[in-house]
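The values are calculated or read from the model by the stated rules, or taken from the named source; none is laboratory data. This structure is a prediction, so every number in the text was calculated from the model and none was measured. Positions of Cβ are backbone-derived with ideal geometry, glycine not excepted, and every protein chain shown enters the neighbour counts. With ligands, DNA and RNA removed, areas are computed over all heavy atoms of the protein, side chains included. Shrake-Rupley method; radii C 1.70, N 1.55, O 1.52, S 1.80 Å.
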Amino acid sequence: MLDVILDRGRDRSVRRRHPWLMSGAVARILGDEAPGALARVLSNDGEVLGYGHVSPRSSVRVRMISFGKEPVDEAELIAEAIARASALRTPELCGETDGVRLVNAEGDGLPGLVVDRYGDVLVAGVASAGMDRVRPLWSDALRAHVGTDSGLERAHPAAARREGFAARSVPLWGEPAERVVLREREREYVVDLRGGQRTGFYLDRRTARDRVQALAQGRRVLDLFCYSGGFSVAAVHGGARSVTAVDSSETALRLARENIERTGAPIVPAVLRADAFQFVRGCEDLFDLIVIDPPPLARARRDLRKATRAYKDVVLHSLRRAAPGALGLFFGGSHHLDPELLRKVVFGASLDAGRSLQVLEEIGAAPDHPVSLDHPEGRALTGLLTRVVPQR
């Protein structure tokens, strides 16, 4: 086991149970710093503060899996964390759905591991060298505690490069299907498990899809960055007067068309391949409910300035296509665009558009995506439901 010794005065975050130990806090490391190795973390005075997985290439040098002086048994710790996480995902928490986030990384005490369940298939995503190394431990624990027919690991190439492990897209057990049908309330979605975004679908938007469905009755809906039609399907089920779905990916739009067709809708939504930024600049129609849910525009904090300019632009032009009293549901798409900054960007766009907005609700991820108060960076979804104030 490695010993990670911190600089004097740099142990505050560990004592506050923050799971990320940054490289600037490390004074020295004793032992072979192999990617993902288990490490004991000590203060500069030699006090044992906890245990974690080292990431030599990352600015997050250690991801903590345990705090305190007691040595850890990784197999036992992982099995217990998965059992706790699985027990939390009850129908009372998640509602009527067979698509559930079973493990939410730091939010469930397993930094670098997310696991989603789609019916009888589990799909895991690994984002740390530590979770790559202990794959057999969490894979066995998932199979034992969840008991699905098959399990699949989806590659996370960016994380693999950053952390120094090989990205894998391989079955964990059984024979995972290429595609499944996700059932969420009365909605159905075809999910591409091997080629879709994330683990195949955006399960964290479930609460927001419920909200769109509840608000869509009789409204003209614009769904920008629609991906596979999550919000469009919800709007159709909610009785929308019309739906316009826009995305730049033909692969995503094929799924969106298929998902919309499954609704048996009495309306024929317009599913358009276009750059969403350009579309709202040239569009002449008016809408009563506008959903903007872009892919991450700021994958790192250094991208934030450019991302906020782009985001403000698309909100600005969408507000110019908003009917009086229209609702807008705006998602930031990155944890770097936090709730306060999102409000500022939307406010700036509303000023430039000459439209006054009311904030009706702040919408986050569905409750099966818990965020630890020790790790506020784990909040990856921020949404604002707004209303355009009719001009007198």
Does at least one position in the range 125-146 carry a residue that is at positive phi and at pLDDT below 95?
no
Could you say which residue among Arg343, Arg355 is buried (at least 17 other Cβ atoms within 10 Å of the Cβ), assigned to a loop (DSSP other than H, G, I, E, B) and either of a type outside the set (Asp, Glu) or out of contact with any His (no Cβ under 6 Å at 6 or more places or on another chain) (or both)?
Arg355
Residues located in the range 376-392, provided they are of a type outside the set (Val, Ile, Thr) and modelled with pLDDT under 95
Pro376, Glu377, Gly378, Arg379, Ala380, Leu381, Gly383, Pro390, Gln391, Arg392
Could you grab me the full set of residues in the range 15-59 that are within 25 Å of the chain's Cα centre (by Cα) and open to solvent by less than 20 Å² (accessible area, probe 1.4 Å)?
Pro19, Leu21, Gly36, Gly52, His53, Val54, Ser55, Ser58
Pair list, Cβ under 8 Å, 6 or more apart: the range 136-157 residue more than 14 Å from Ser86 (Cα to Cα), other residue of a type in the set (Ser, Thr, Tyr) and in a helix (DSSP H, G or I):
Gly151/Ser139
If a residue counts only when it is farther than 22 Å from His375 by Cβ, charged (D, E, K, R) and open to solvent by 10 Å² or more (accessible area, probe 1.4 Å), which helices (runs of 4 or more DSSP H) contained entirely in the range 103-208 have at least 3 such residues?
135-146
Given the conditions (1) open to solvent by 60 Å² or more (accessible area, probe 1.4 Å); (2) within 20 Å of Phe331 (Cα to Cα); (3) touching a residue at least 12 places away in the same chain (Cβ under 8 Å); (4) not charged (D, E, K, R), every one holds for Thr251 apart from (2)
Have a look at Asp285, Asp293 and point out the one that is exposed (fewer than 13 other Cβ atoms within 10 Å of the Cβ) and touching a residue at least 60 places away in the same chain (Cβ under 8 Å).
Asp285
Give me the pairs: first residue in the range 62-79 and of a type outside the set (A, V, I, L, M, F, W, C), second residue in a helix (DSSP H, G or I), beta-carbon distance under 9 Å, and six or more apart or on different chains, which are they?
Arg63/Glu106; Arg63/Ala129; Arg63/Gly130; Arg63/Met131; Ser66/Leu77; Glu74/Leu137
Which one is nearest to Ile363 (Cα to Cα), of the residues in the range 381-392 that are open to solvent by 50 Å² or more (accessible area, probe 1.4 Å), assigned to a loop (DSSP other than H, G, I, E, B) and touching a residue at least 40 places away in the same chain (Cβ under 8 Å)?
Pro390
Across (1) open to solvent by less than 10 Å² (accessible area, probe 1.4 Å); (2) of a type in the set (Val, Ile, Thr); (3) assigned to a helix (DSSP H, G or I), Thr308 clears everything bar (1)
May I ask you to list the residues in the range 311-326 that are outside any helix (DSSP H, G or I) and either open to solvent by 30 Å² or more (accessible area, probe 1.4 Å) or of a type in the set (Phe, Trp, Tyr) (or both)?
Arg320, Arg321, Pro324
Report yes if some residue within the range 334-342 is farther than 25 Å from Ala216 by Cα and either among the aromatic types (Phe, Trp, Tyr) or free of Cβ contacts under 8 Å to residues at least 12 places away in the same chain (or both); otherwise report no.
yes
Residues of the range 308-332 being touching a strand residue (DSSP E or B) at 6+ places or on another chain (Cβ under 9 Å) and either farther than 19 Å from Leu286 by Cα or of a type in the set (Ser, Thr, Tyr) (or both), which ones?
Tyr311, Ser318, Phe331, Gly332
With respect to Arg219, is the statement that it is within 23 Å of Pro324 (Cβ to Cβ), open to solvent by 10 Å² or more (accessible area, probe 1.4 Å), over 21 Å from the mean Cα position of the chain (by Cα) and of a type in the set (D, E, K, R) true?
yes
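Results for (1) among the acidic types (Asp, Glu); (2) closer than 16 Å to Thr97 by Cβ, shown as yes or no for each residue.
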{"residue": "Tyr189", "(1), (2)": "no, yes"}
{"residue": "Cys226", "(1), (2)": "no, no"}
{"residue": "Ser232", "(1), (2)": "no, no"}
{"residue": "Val243", "(1), (2)": "no, no"}
{"residue": "Glu258", "(1), (2)": "yes, no"}
{"residue": "Glu261", "(1), (2)": "yes, no"}
{"residue": "Arg273", "(1), (2)": "no, no"}
{"residue": "Val280", "(1), (2)": "no, no"}
Would you mind stating whether Gly264 is without any contact (Cβ under 8 Å) to a residue 60 or more places away in the chain and over 28 Å from the mean Cα position of the chain (by Cα)?
yes
Looking at this structure, is Pro266 closer than 22 Å to Leu182 by Cβ, outside any helix (DSSP H, G or I) and at pLDDT below 95?
no
